[in-house]
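Visitor: The structure is given below, and queries will be raised subsequently.
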Amino acid sequence: MELSTGEMYMQQNEGLRGWRLFAAVGMLTVSPIVVAAQRAATQHEMHGRHVDPTAYIASLEDPKRDAYQKPHEVVEALQIEEGEVGADIGAGSGYFTLRLAHHVGPTGRVYAVDVSPDMILHLNRRVHDAGVRNVVSLLVPPDDPLLPDASVDRVFVCNVWHHVDEQAAYLEISCGG
């Protein structure tokens, strides 16, 4: 069996191959242009990302979202029991809120917490139109979920943690309540 030049080189330099690949990838990833282009948005910038509420709501409620978000599997994995009280932090348009409300049943409750008046207004319409009676919406400041003390069995956070500026302090508020 005859080896090509490339195969012979790989056999002769087996120990160096990984390092060379690592060095090449490392050079690409530390390029100042790449770093500048991929700079993460600050939390302040994240708060202003959704300036068109109608378009944002449409993206949240796009049926294609189910394929990657897998809401049924997520809610099933939570093993929510009927009668529990949950908080959907960053409830948005109610994508998970209505599913959580279904799982806690008529004796449970879901606090739908959001900082956006547009989201709360839309969510309230959805809840009303669906005839759901176990959702309490809360329009809150970015630094406090305003949950009643010791009122929640579970806190649900999905796709919003990057919007919370003081995450450690927010967790203390959530855990202390």
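The values are calculated or read from the model by the stated rules, or taken from the named source; none is laboratory data. Predicted model only: the values in this text are computed from it and were never measured. Cβ: placed from backbone, ideal geometry, glycine included. Neighbour counts: every protein chain shown.
Visitor: Could you give every pair whose Cβ atoms fall below 6 Å, whose first residue belongs to segment 120-132 and is touching a residue at least 12 places away in the same chain (Cβ under 8 Å), and whose second residue is of a type outside the set (Ser, Thr, Tyr) and in a helix (DSSP H, G or I), counting only separations of at least 6 or pairs across chains?
Guide: The qualifying pairs are 122/57; 132/101.
Visitor: So in segment 103-119, with the set limited to residues that are without any contact (Cβ under 8 Å) to a residue 60 or more places away in the chain and surrounded by 23 or more Cβ atoms within 10 Å (Cβ to Cβ), which one is farthest from residue 85 (Cα to Cα)?
Guide: Restricting to residues being without any contact (Cβ under 8 Å) to a residue 60 or more places away in the chain and surrounded by 23 or more Cβ atoms within 10 Å (Cβ to Cβ), the top hit is 114.
Visitor: Which of the residues spanning segment 97-143 are within 18 Å of the chain's Cα centre (by Cα) and of a type in the set (Asp, Glu)?
Guide: Within segment 97-143, 114, 143 meet the criteria.
Visitor: Which one of these does residue 100 not meet: (1) over 15 Å from residue 152 (Cβ atoms); (2) touching a helix residue (DSSP H, G or I) at 6+ places or on another chain (Cβ under 9 Å)?
Guide: The one condition residue 100 does not meet is (1).
Visitor: Working carefully through the options 52, 143, 66, find the one that is loosely packed, with under 15 Cβ neighbours inside 10 Å and farther than 27 Å from residue 165 by Cα.
Guide: 66
Visitor: Can you say whether residue 75 is closer than 17 Å to residue 160 by Cβ, at pLDDT below 95, among the β-branched types (Val, Ile, Thr) and surrounded by 17 or more Cβ atoms within 10 Å (Cβ to Cβ), as far as the supplied structure shows?
Guide: Here the answer is no, as residue 75 does not meet what is asked.
Visitor: Next up: For the condition in contact with a Pro (Cβ under 6 Å, 6 or more places away or on another chain) and within 20 Å of residue 83 (Cα to Cα), what is the one hit in 133, 99?
Guide: Within the list 133, 99, the selection yields 99.
Visitor: Please enumerate the residues belonging to segment 34-72 that are part of a loop (DSSP other than H, G, I, E, B) and either modelled with pLDDT of 80 or more or not aliphatic (A, V, I, L, M) (or both).
Guide: Result: 38, 39, 42, 48, 49, 50, 52, 61, 62, 63, 64, 70.
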